[in-house]
Structures are given as structure tokens and as C-alpha cells.
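The values are calculated or read from the model by the stated rules, or taken from the named source; none is laboratory data. Predicted, not measured: the structure shown is a model, and the values here were computed from it. Positions of Cβ are generated from backbone atoms using ideal geometry, with glycine treated the same way; all protein chains shown enter the neighbour counts. Side chains included, ligands, DNA and RNA excluded: accessible areas come from the protein's heavy atoms. Shrake-Rupley method; radii C 1.70, N 1.55, O 1.52, S 1.80 Å.
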Amino acid sequence: MCPVGIFRTDADGRYLTVNAHWSEITGLASAEALGQGWAQALHPDDRDRVAEEWNRAMRENRNFASEYRLQRPDGAVIPVLGQALAERDARGEIIGFIGAVADRTREAQLQKRLRDSAEKHKRAEADLGIRNEQLRCLATQLALAQEEERRRIAMGLHDEVGQRLAIARAKLGQLLETGAHDGGAGLAVEICALVDRVIAETRSLTFELSSPVLHELGLAAALESLCEQLGKDSGIRFRVEAAREPESLARDLRILLYRSARELCLNVVKHARASAAEVRLHNAKDWVQIVVADQGEGFDASARHFGPAGGFGLFALQEIASRVGGRFEIESAAGRGTRAALSVPLG
């Protein structure tokens with residue numbers, strides 16, 4: 001993974017957290033950045049253009065990506081490649097943003113040397129290769145940063161909200177057992193039912209944000225848990241065939257494989273109109289593969305329905321697979337179902 005600056009903002013674009021690489025690139029310590037608007041670090045000549053690109057991306061409900069310059073407090077101008085995605089609550093409202101920037105100073109220097117040479121064709125290939133590599137790296141880093149943030153929120157829901165609701169529920173139960181007077185018993189029963197409903201919704205939201213099964217029991221168990229819950233919610237019969245994951249499977253790859261499988265399963269629920277689907281986790285000597293297949297409506301796979309808009313998406317799966325040296329393949333045809341396979345190398 002290449003080092004990039006990661007930041008989080010609130011819904012108004014004010015910095016909430018930044019990592020050490022972000023401070024190195026911008027020249028701003030964490031304490032100086034927190035509370036500032038994201039546009040403050042931009043070069044004055046780039047602010048209007050980048051703001052318009054940002055607003056257009058938000059209007060079109062897609063990820064933001066742009067090349068621009070940052071101006072450090074010491075006056076140095078740093079060319080960067082930036083990307084950001086919106087964090088939304090359960091109602092779809094934007095509650096903040098997770099973003100990343102990569103320093104392109106070395107690339108800019110390389111481009112200048114190449115411009116001075118006569119090798120125009122090689123210059124174009126090098127520039128495109130570097131930019132694509134950085135975009136893939138940013139996509140991977142953002143996916144992992146988003147997963148870490150989801151896990152933090154899920155743990156907070158479980159450890160704080162969930163436990164306090166459980167205590168409240170227990171005390172209401174004690175009240176019912178000891179006997180309530182003056183009509184209080186009926187009210188206590190209603191409150192118990194309400195607390196039970198909130199506990200169930202909190203537990204469901206915790207699993208949607210980040211599967212604790214993945215971090216505690218591993219990928220195979222997490223896939224079974226995911227498909228069991230999706231089957232209950234959608235009525236689709238998910239069959240899981242999951243081999244035990246290799247001990248050498250890195251944590252980052254485990255997270256990416258799970259998020260990829262979840263995205264593909266959600267596509268089945270949303271678009272396939274299938275009554276059943278299969279999820280398979282295969283291990284080879286040096287590879288791990290996730291396959292999601294259904295016998296639903298299917299689509300014209302030759303049209304390459306990969307676009308950068310919207311969430312994790314097929315485009316992101318393709319890019320991340322390429323970034324980690326793997327491959328993402330889809331086989332589908334109208335009326336003949338869909339088979340999607342993500343394969344990644346170990347080590």
C-alpha cells in the first residue's frame with residue numbers, strides 16, 4: 001500500500017481527523033487542521049474549480065476525484081491527487097466525508113524531465129500508468145479507511161448504546177417482576193416492548209456497519225452470517241460453500257473480500273430477481289476466490305456495466321482487484337443469470 005493522507009470531515013466539510021501522512025503533505029499539524037474547512041488548505045487559484053467539482057460530485061451522488069494544489073503554511077505548493085466519498089446515515093443523509101490525498105511532487109518532477117525529452121509516447125504511458133496506480137491505491141485505502149470507521153461506529157453502538165439499552169431492559173423487567181401499581185404495569189410493558197425493538201434495530205445496524213463475525217471468527221463464518229441475514233430480509237435462498245480461509249490471508253485482504261462479497265450479494269437482492277443464489281469461497285495454492293452466482297434476470301455483460309458512480313460498486317471491485325494483483329470477472333446474459341468472481345493472490 002502506498003502512503004497517502006487520510007482525513008475525515010463533518011457534513012459541512014470541517015476536518016474531524018487527519019492522519020500523519022496528511023500532516024506531512026499539508027504542513028499542518030492535526031491540532032491546527034481540526035475544525036477548519038477542507039478548502040482552506042487548497043491553493044487560492046484552485047479553490048473555485050475544486051469546489052465546483054466537489055459540488056457536482058455531491059449532486060450526482062458519486063465519489064469525488066480531482067487533481068489540484070495544496071499551499072503549505074511555508075508557502076510551498078504541493079500538487080496532489082485527491083479523492084473523497086460521502087458517509088451517510090441509515091436514512092441516506094450525508095453525515096460526513098472520508099477522503100485521501102496523494103503527493104504528486106515526484107510525479108510532477110518526472111513529468112517535467114519527460115517533457116524535456118523527445119520521448120513523447122513513453123511520457124504519455126508513464127503519466128497514465130502513475131495516475132492509474134495512484135487512483136487504485138486511493139480506492140483501496142479509502143475502502144479500508146471506510147471499513148475501519150464502520151467498525152469503530154459499530155463497536156460504539158454495541159459497547160455503549162447496546163449495553164445501556166440492555167441494562168434499561170433488565171431494570172424494567174425487575175419492575176414488572178416486583179409488581180407495578182396504579183396502572184404502571186401496562187406502561188412498563190409498553191416501554192419494555194419499545195426497548196426490545198430498539199435493541200433489535202441497534203443490533204441489525206451494528207451488523208450492517210461492520211460484521212463482528214468477520215473480525216472474531218473469520219471470513220467463512222462472516223459469509224455464512226451475511227447470507228443468513230440477507231436471506232431472512234429478502235426471501236432469497238443463499239447457499240454458502242466456504243472453505244476455511246488460509247492462515248496467510250492478510251487482514252486487509254480479508255476485509256476487501258468480505259466487502260466485495262457483500263456488494264455482490266446486495267446486487268443479487270436489488271437487481272437479479274432471483275429466488276436463490278450461491279456464494280463460494282475457494283482456496284488454491286496461492287489464490288483465494290469469491291464467487292457469487294444466481295439464476296436471475298442477468299444482463300448484457302459485454303456492455304461492461306462498470307462506472308465510477310456510487311459506493312463500493314462494480315467499478316471499485318474491478319479497480320481494487322487490479323490494485324492487489326487480482327482479477328474481477330463477470331459472466332452474464334439476459335435471462336441466464338450472473339456469475340461474478342473476485343480472485344486475489346496470497347502474499
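Worth a mention:
- Any chance L28 is of a type in the set (A, V, I, L, M), open to solvent by 50 Å² or more (accessible area, probe 1.4 Å) and more than 19 Å from the chain's Cα centre (by Cα): no
- Out of C227, C192, one residue alone is among the hydrophobic types (A, V, I, L, M, F, W, C), at pLDDT 70 or above and in contact with a Leu (Cβ under 6 Å, 6 or more places away or on another chain). It is C192.
- Single residue of the stretch 46-72 satisfying the filter (under 17 Å from G96 (Cα atoms) and open to solvent by 80 Å² or more (accessible area, probe 1.4 Å)) that is modelled with the lowest pLDDT: N61
- Answer residue from the stretch 82-94, given it is farther than 12 Å from L42 by Cα and over 16 Å from the mean Cα position of the chain (by Cα) and is surrounded by the most Cβ atoms within 10 Å (Cβ to Cβ) among those: E93
- Residue within the stretch 78-91 that is part of a strand (DSSP E or B) and farther than 19 Å from V4 by Cα present: yes
- The stretch 10-25 residues that are polar (S, T, N, Q), paired with ones that are open to solvent by less than 70 Å² (accessible area, probe 1.4 Å) (beta carbon under 7 Å, 6 or more apart): T17/F7; T17/R8; N19/G5; N19/I6; S23/A29; S23/S30
- With respect to being under 30 Å from L253 (Cα atoms), open to solvent by 30 Å² or more (accessible area, probe 1.4 Å) and part of a strand (DSSP E or B), R8 fits the description.
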